[in-house]
Amino acid sequence: MDNKSIEKALILKNEALTPEIYEMVLGVKSTSEATPGQFINLYCKDGSRLLPRPLSISEVDQKAGTLRLIYKVLGSGTREFAKLQKYEEIDYLGPLGKGFSLEFADEKSEEQEILIIGGGVGVPPLLELAKQLQGKKRVLLGFEKESILVEDFKKVAREVAVATTTGDEGIKGTVMDLLEQGEYAPVKIYSCGPKGMLQAVQAWGREGNIPMELSLEERMACGIGACLVCTCKTQEGPHEEDWNYKRVCKDGPVFKGEEVVFE
Amino acid sequence: MDNKSIEKALILKNEALTPEIYEMVLGVKSTSEATPGQFINLYCKDGSRLLPRPLSISEVDQKAGTLRLIYKVLGSGTREFAKLQKYEEIDYLGPLGKGFSLEFADEKSEEQEILIIGGGVGVPPLLELAKQLQGKKRVLLGFEKESILVEDFKKVAREVAVATTTGDEGIKGTVMDLLEQGEYAPVKIYSCGPKGMLQAVQAWGREGNIPMELSLEERMACGIGACLVCTCKTQEGPHEEDWNYKRVCKDGPVFKGEEVVFE
Amino acid sequence: MSRSEKGPNLTVKLSGVELKNPIMPASGTFGSGKEFEEYLNLNRLGMVVTKGVADVPWKGNATPRVAETYGGMLNSVGLQNPGSDHFIREDIPFLESYDTKTMVNIAGRSIEEYVGVVTALQHQPVDFLELNISCPNIKEGGVAFGTDVDMAYQVTKKVKEAAKQPLIVKLSPNVTDIVAVAKACEAAGADGISLINTLLGMKMDIKTRSPLLANTFGGLSGPAIKPVALRMVYQVAREINIPIIGIGGISTWEDALEFILAGATAVQVGTANFRNPRAMMEIIEGLENYLKEENIDGIEELIGAGHK
Amino acid sequence: MSRSEKGPNLTVKLSGVELKNPIMPASGTFGSGKEFEEYLNLNRLGMVVTKGVADVPWKGNATPRVAETYGGMLNSVGLQNPGSDHFIREDIPFLESYDTKTMVNIAGRSIEEYVGVVTALQHQPVDFLELNISCPNIKEGGVAFGTDVDMAYQVTKKVKEAAKQPLIVKLSPNVTDIVAVAKACEAAGADGISLINTLLGMKMDIKTRSPLLANTFGGLSGPAIKPVALRMVYQVAREINIPIIGIGGISTWEDALEFILAGATAVQVGTANFRNPRAMMEIIEGLENYLKEENIDGIEELIGAGHK
Ligand SMILES: Cc1cc2nc3c(=O)[nH]c(=O)nc-3n(C[C@H](O)[C@H](O)[C@H](O)COP(=O)(O)OP(=O)(O)OC[C@H]3O[C@@H](n4cnc5c(N)ncnc54)[C@H](O)[C@@H]3O)c2cc1C
Ligand SMILES: Cc1cc2nc3c(=O)[nH]c(=O)nc-3n(C[C@H](O)[C@H](O)[C@H](O)COP(=O)(O)OP(=O)(O)OC[C@H]3O[C@@H](n4cnc5c(N)ncnc54)[C@H](O)[C@@H]3O)c2cc1C
Ligand SMILES: Cc1cc2nc3c(=O)[nH]c(=O)nc-3n(C[C@H](O)[C@H](O)[C@H](O)COP(=O)(O)O)c2cc1C
Ligand SMILES: Cc1cc2nc3c(=O)[nH]c(=O)nc-3n(C[C@H](O)[C@H](O)[C@H](O)COP(=O)(O)O)c2cc1C
Ligand code: FES
Ligand code: FES
């Protein structure tokens, strides 16, 4: 097949959840291929911004044929997106990348504890994951000041705990504080968020020898694995020199927690 | 005064007159300064196109506070304009440049014959001129295939003659054919159109020693007289060496027919 | 069968080899093609140009390796590649499965390294070699060869001696006199010149108040650089007798045509592939339509036709 | 009165002269300011930089002199100007009516011509001279001086001898080694360096199948070139001890800040004036807000702060 291409999506919703974070719902041609943890490349209309913006798929509604995105207004591109109106069209490519694996869920019982840990705009892709995963799902979410998606997670998880740096919601602190305070014994950890957080989660999980899947972020150009700008370091063998670069866009964004090397 | 700036106009109309030529009506902050023959700089929304597009003011409605533009879809910028929807906003600067002088009309009688000669998208700025001028106005219009604005001119002029290269409307030929065929004895000629046409009109007018005002076109950057990219040659004295460059955007676009040097 | 019956003729001859059309990817923007299989039919391309291949694996630079700029982008990949052995084992069989010409882009830090790769490729089913003496993202070698007339001559000569395939030398635009460098490569035996690699640039991150790229500097590519690339192709085309491959900001068929009019026999599409993975297909179709509408028998007529 | 009470402090010292702020127009994009009076208050600018002035009137190149490019533009004005006598008679009195520093951009085709203009300006109320050895649009002189280290040294030295005002030398980016040229100018006595003039570029008109500009080549300016300009400012700032004026694609206060972080003491705004005649006002206000929000006493703290 050589006919995959940029598609037009219809914007069905584009509204602020917080002053900085927006929710966009896209009517798309097909949702059948989208798996939790994948992303789409969203294109700016202003041609001075050439590169597509990678945004995680936060929810997939197969019946409605929609993808839900949650994005933070950070720079020029997301500022452009925030101004788009309902029923405008927007170009996108995807779904792209390798998402989370749900495999263990098929094998293990519903009563196995699974930890889902998200921070900031790393939270959105975990929602579709939480929906599709089996198991006793506990969700730890960290934010700066205002939370997002907490009610959505509550619908699909056993427990949802929130931490904010400012203390405005949940406990004052980070997801690591939640992790230390709770008595968790997960069989698996899924996480997405800022690098510092992932690194701390990885250390915690390593200590307990717990399998992990971490979703990484890196600046991208092509999003399809060709340009090699989005590399992350992975450990490929027992020796320190056995590291290699993988592509966040194509080999990830989700990686086994064991192999990721943070720098 | 140092507070002139880019203004936002409201698009009240943007419709095709012919497959290639569009009419746009802009609701603007103020029309009070606009004189026939002036232009505005219209800005593209796509930031990859930096330079404003100069478009002549075809009609001014002081009461409604609107400017009417007639533009041909030529390249990327006008293609963008053609897609704009009613009630969208667009940035513009102006009115800019030196328009036609109406002076002689105050001095001379209503029965003096005045020739207004337009070609292609040089026709639009002549409409507001024709409206404001006194005198026995005869209008000669040349087009490739399809005419524009003929009915508008008929409302304000004694006579409107049309020529098309294809012969689809009016006589088959150019405005020069109309000029040769008619028995005109104008006291003044106003003209705007392609260089070749203006040059022919100038030669015809020179022969009869008739005062002329010609509106020129040149590729522009600033539109306000600062960058010197839009120069045209003018004869400043009796000797051949006495030529100089003037700025089409600031010293024109309307020049005395006597001084323009075509190359 | 006459040409007009066959439809518009996009074939061009590059250093004696006929290409289906003048459109190919720019090195480093297309991998070896695998990632684009879903998006376009590799058989439709005039050629596939691979990423840079060195004699041993290179790990490249730290991230961030990319920054968007106005109408362009900066990259500082630093020629990350798994080395010629891996390339020969993995990528060549893949490319052989397609009916398309191939050009391998050669990376190196010294004449010996360049020669090493070229030697390894001597008996491989490869149609062209593209010698990259212009990568701004590696400290030693690379761009140093491309910005010095004598070194450009030396490396071209030595590599040409080892090369079994036609040798195209890819030049850096970061020079005072591009014509002098191109002439030196021609004199040293190059079979063609490709122009241009990226312009050296940078971006500051005002939030952190430091350079955005981990490597400080990066190579500027994309539509922003097209006017510079086109100028260099035009200047060089007047002065050399070997074919030129035009590169730099080409995103549309009109862009490609500008380069051909300026004297390019073929063109490469780089950054545009990131914005639209099907960009090259659209360029090929655009050129076909153009020839049809303008009633032009073959695109070769237009090569250099814009010189005055 | 403490600084914070006075509001954000944008003053900078350039070669011993204090400017209200680091923002000024780029030569040739602002005339002598007259055309911008309606749009902005010239007293708010750090300085006014005039169009290039030669010893005698220059008529410049034929039209078309401008072409839009992706994120930029090409111009081939060719330094049209009415000569120094006219300039002294008409423009200097106009500029004197404002409370603003002035820098006169000097055009020439030979050392003698440059010296002629500078000599004519010796006793004029002018604060700075900007020696343009980098115009790509004239055949003789101009850019030839800016692309050769020795010639750059010679012309700077000779002009400096005749100059009564601080001398800023404006360099061409069309060189292999910008640092070498900058160092030569410093060694020859320049009081500052401005970086960059336009990149040489071209555009083809595919309708006529010939170069769009009457002059074939033109100078590329605008946001497209910003990464190259910024890189050169960063490179040069590490190697010289005289101040740098950053130029190239600056359209927003963020752009201006990037150049300051890279080591520019002041910046010039060129092409952005064509898109928005009030661009410089917005940049000044943006920098003021930034200093306020970030609690920075004065902008001078940020000069070169982005070096790592
Ligand atoms: C796989 C993946 C999934 C993501 N999912 C989400 C999400 O669901 N919600 C969300 O809010 N954000 C997400 N991000 C981050 C998001 O891509 C950036 O915030 C966004 O690209 C910023 O664009 P901008 O134009 O506003 O910023 P600008 O700074 O103007 O962008 C300039 C360039 O830098 C890139 N860039 C800037 N910041 C980042 C960043 N943090 N990560 C990657 N590229 C960046 C842009 O894509 C663009 O190419 C994701 C990133 C990746 C890699
Ligand atoms: C004073 C003046 C008044 C004008 N009035 C009208 C009018 O009323 N109706 C109308 O249809 N056209 C008019 N034009 C021509 C109009 O400006 C161009 O057709 C338009 O700018 C083309 O823009 P584009 O983006 O579609 O073309 P592109 O080719 O994509 O434009 C690229 C650049 O070239 C410039 N350019 C291209 N063609 C021309 C041209 N023929 N003249 C000037 N600049 C050009 C554009 O402004 C832009 O900067 C006028 C021109 C001038 C100078
Ligand atoms: C991400 C990236 C990687 C590149 N890698 C290489 C490379 O390995 N070898 C090479 O010769 N050029 C490399 N280039 C340069 C391109 O081949 C091309 O010369 C340049 O990008 C200009 O073309 P464009 O504007 O169409 O992208 C690379 C460019 C980019 C953007
Ligand atoms: C229309 C135009 C005319 C110019 N004239 C001059 C000039 O007379 N002297 C000079 O030193 N630079 C001249 N320049 C170069 C600018 O001063 C500036 O260096 C260049 O445009 C890059 O800045 P920008 O990207 O902000 O425009 C001119 C540039 C333009 C666009
Ligand atoms: S973004 Fe191109 S390889 Fe990942
Ligand atoms: S367009 Fe700048 S002077 Fe006329």
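For the range A:224-245, state whether one or more residues are of a type in the set (D, E, K, R), part of a helix (DSSP H, G or I) and surrounded by fewer than 17 Cβ atoms within 10 Å (Cβ to Cβ).
no
Given the criteria free of Cβ contacts under 8 Å to residues at least 24 places away in the same chain, within 16 Å of ligand 1 (Cβ to nearest atom) and not hydrophobic (A, V, I, L, M, F, W, C), does C:E18 qualify? Full working, then the answer.
On the way: free of Cβ contacts under 8 Å to residues at least 24 places away in the same chain: yes; within 16 Å of ligand 1 (Cβ to nearest atom): no; not hydrophobic (A, V, I, L, M, F, W, C): yes.
No: the conditions fail for C:E18.
Against the conditions (1) in a loop (DSSP other than H, G, I, E, B); (2) touching a strand residue (DSSP E or B) at 6+ places or on another chain (Cβ under 8 Å), A:D168 satisfies every one except (2).
Can you find a residue that is hydroxyl-bearing (S, T, Y), over 15 Å from B:I116 (Cα atoms), within 16 Å of ligand 2 (Cβ to nearest atom) and over 18 Å from the mean Cα position of the chain (by Cα) anywhere in the range B:161-169? It would help to see each step written out before you state the result.
Of the residues in the range B:161-169, the ones hydroxyl-bearing (S, T, Y) are B:164-166.
Going one step further and asking which of them are over 15 Å from B:I116 (Cα atoms), we end up with B:164-166.
This time we only want the ones that are within 16 Å of ligand 2 (Cβ to nearest atom), so: none.
No, the range B:161-169 has no match at all.
Listed residues C:A229, C:A224; which is surrounded by 24 or more Cβ atoms within 10 Å (Cβ to Cβ) and either away from every other protein chain (no Cβ under 13 Å) or touching a Leu at 6+ places or on another chain (Cβ under 8 Å) (or both)? Explain how you work it out, then say what you get.
Values: C:A224 fails: either away from every other protein chain (no Cβ under 13 Å) or touching a Leu at 6+ places or on another chain (Cβ under 8 Å) (or both).
Residue meeting the stated conditions: C:A229.
Can you pull out every residue in the range A:201-223 that is of a type in the set (G, A, S) and either within 16 Å of ligand 5 (Cβ to nearest atom) or surrounded by 19 or more Cβ atoms within 10 Å (Cβ to Cβ) (or both)?
So in the range A:201-223, the residues of a type in the set (G, A, S) come out as A:203, A:205, A:208, A:215, A:221, A:223.
Matches in the range A:201-223: A:G205, A:S215, A:A221, A:G223.
Residues that are over 12 Å from A:Y22 (Cβ atoms) and not basic (K, R) within the range A:74-90 comprise A:G75, A:S76, A:G77, A:Q85, A:Y87, A:E88, A:E89, A:I90, listed in sequence order.
If I filter the range C:59-77 down to residues being within 7 Å of another protein chain (Cβ to nearest Cβ) and assigned to a strand (DSSP E or B), which single residue comes out as nearest to C:A224 (Cα to Cα)? Can you show your working first?
If we filter the range C:59-77 for residues that are within 7 Å of another protein chain (Cβ to nearest Cβ), which is where we start, we get C:59-60, C:63-66, C:68-75, C:77.
Right, trim to assigned to a strand (DSSP E or B) and you get C:66, C:68-69, C:72-75.
Numbers: C:V66: 16, C:E68: 11, C:T69: 9, C:G72: 5, C:M73: 9, C:L74: 11, C:N75: 14 Å.
Ranking the qualifying residues of the range C:59-77, first place goes to C:G72.
Among the numbered conditions (1) of a type in the set (A, V, I, L, M, F, W, C); (2) surrounded by 22 or more Cβ atoms within 10 Å (Cβ to Cβ); (3) within 30 Å of D:V228 (Cα to Cα), the only one that C:A62 does not meet is (2).
Of the residues making up the range D:79-90, one or more are out of contact with any Asp or Glu (no Cβ under 9 Å at 6 or more places or on another chain), over 30 Å from B:G77 (Cβ atoms) and either within 14 Å of chain C (Cβ to nearest Cβ) or of a type in the set (K, R) (or both). Of the residues making up the range D:32-57, those that are surrounded by fewer than 20 Cβ atoms within 10 Å (Cβ to Cβ) and over 20 Å from the mean Cα position of the chain (by Cα) are D:E38, D:V56, D:P57. Contact annotation: residue pairs with Cβ atoms under 7 Å, 6 or more positions apart or on different chains, pairing a residue in the range A:49-74 that is within 14 Å of another protein chain (Cβ to nearest Cβ) with a partner that is within 16 Å of ligand 2 (Cβ to nearest atom) and in a loop (DSSP other than H, G, I, E, B), are A:L50/C:G71.
Look through the range C:214-231, keep the residues that are of a type in the set (A, V, I, L, M, F, W, C) and under 15 Å from C:G71 (Cα atoms), and return whichever of them is farthest from ligand 5 (Cβ to nearest atom). Walk me through how you get there before you give the answer.
In the first step, residues of the range C:214-231 are kept if they are of a type in the set (A, V, I, L, M, F, W, C); the result is C:214, C:217, C:220, C:224-225, C:228-230.
So of that shortlist, the ones also under 15 Å from C:G71 (Cα atoms) come out as C:220, C:224-225, C:228-229.
Values: C:L220: 17, C:A224: 19, C:I225: 19, C:V228: 24, C:A229: 22 Å.
Top of the filtered list is C:V228.
The set of residues in the range B:236-257 that are at pLDDT 90 or above and more than 8 Å from ligand 6 (Cβ to nearest atom) comprises B:K246, B:D251, B:G252, B:P253, B:V254, B:F255, B:K256, B:G257.
Scan the range B:225-241 and tell me whether some residue there is within 16 Å of ligand 4 (Cβ to nearest atom) and among the small types (G, A, S). Don't jump to the end; show me each part of the working.
So in the range B:225-241, the residues within 16 Å of ligand 4 (Cβ to nearest atom) come out as B:225-231.
Still in the list and also among the small types (G, A, S): B:225-226.
Yes: the range B:225-241 contains one or more residues that are within 16 Å of ligand 4 (Cβ to nearest atom) and among the small types (G, A, S).
Answer yes or no as to whether D:K292 is assigned to a loop (DSSP other than H, G, I, E, B) and away from ligand 4 (no atom under 14 Å from the Cβ). Judged against the criteria, D:K292 is not a match. Taken across the range B:239-259, residues that are within 16 Å of ligand 2 (Cβ to nearest atom) and β-branched (V, I, T) do occur, with at least one present. Contact annotation: residue pairs with Cβ atoms under 8 Å, 6 or more positions apart or on different chains, pairing a residue in the range A:166-184 that is within 14 Å of A:L198 (Cα to Cα) with a partner that is part of a helix (DSSP H, G or I) and among the β-branched types (V, I, T), are A:V175/A:V201; A:M176/A:V201; A:L179/A:V201. Being of a type in the set (K, R) and either touching a Cys at 6+ places or on another chain (Cβ under 6 Å) or at pLDDT below 90 (or both) is the filter here, so list the residues in the range D:118-169 that pass it. Correct list: D:K139 only.
Within the range D:240-264, how many residues turn out to be away from chain C (no Cβ under 14 Å) and surrounded by fewer than 24 Cβ atoms within 10 Å (Cβ to Cβ)?
Of the residues in the range D:240-264, the ones away from chain C (no Cβ under 14 Å) are D:240-245, D:247.
Subset that is surrounded by fewer than 24 Cβ atoms within 10 Å (Cβ to Cβ): D:240-243.
Result for the range D:240-264: 4.
Screening the range A:198-231 for residues that are closer than 30 Å to C:E37 by Cβ and away from every other protein chain (no Cβ under 14 Å) and picking the one that is farthest from ligand 2 (Cβ to nearest atom) gives A:E213.
Would you say A:Y87 is of a type in the set (S, T, Y) and surrounded by 15 or more Cβ atoms within 10 Å (Cβ to Cβ)?
Working: of a type in the set (S, T, Y): yes; surrounded by 15 or more Cβ atoms within 10 Å (Cβ to Cβ): no.
The answer is no for A:Y87.
For D:L213, are the conditions met, namely being within 16 Å of ligand 3 (Cβ to nearest atom), in contact with a Pro (Cβ under 9 Å, 6 or more places away or on another chain) and within 11 Å of chain C (Cβ to nearest Cβ)? First the steps, then the outcome.
Details: within 16 Å of ligand 3 (Cβ to nearest atom): no; in contact with a Pro (Cβ under 9 Å, 6 or more places away or on another chain): yes; within 11 Å of chain C (Cβ to nearest Cβ): yes.
Criteria not met by D:L213.
Note on the range D:80-117: residues that are of a type in the set (G, A, S), crowded, with 20+ Cβ neighbours inside 10 Å and part of a helix (DSSP H, G or I) amount to 1. When residues in the range C:16-31 are screened for being surrounded by fewer than 17 Cβ atoms within 10 Å (Cβ to Cβ) and either within 9 Å of chain A (Cβ to nearest Cβ) or at positive phi (or both), 1 of them pass. One residue alone among A:Y190, A:Y184 is more than 16 Å from ligand 4 (Cβ to nearest atom), in contact with a Phe, Trp or Tyr (Cβ under 9 Å, 6 or more places away or on another chain) and of a type in the set (F, W, Y), and that residue is A:Y190.
In summary, B:L55 fulfils each of the numbered conditions (1) farther than 30 Å from C:A224 by Cβ; (2) within 16 Å of ligand 6 (Cβ to nearest atom) with the single exception of condition (1). Of the residues in the range A:23-44, at least one is modelled with pLDDT under 95, of a type in the set (D, E) and either surrounded by fewer than 18 Cβ atoms within 10 Å (Cβ to Cβ) or touching a helix residue (DSSP H, G or I) at 6+ places or on another chain (Cβ under 6 Å) (or both).
If you filter the range C:265-278 down to residues that are closer than 17 Å to C:G71 by Cα and surrounded by 23 or more Cβ atoms within 10 Å (Cβ to Cβ), you find that the one that is nearest to ligand 4 (Cβ to nearest atom) is C:T271.
Within the range B:27-41, being part of a strand (DSSP E or B) and away from every other protein chain (no Cβ under 12 Å) holds for B:G27, B:F39, B:I40.
The values are calculated or read from the model by the stated rules, or taken from the named source; none is laboratory data. Worth saying up front: this structure is predicted, and the values here are computed from it rather than measured. Quick reminder, even Gly has a Cβ in these numbers, built from the backbone with ideal geometry, and neighbours come from all protein chains shown.
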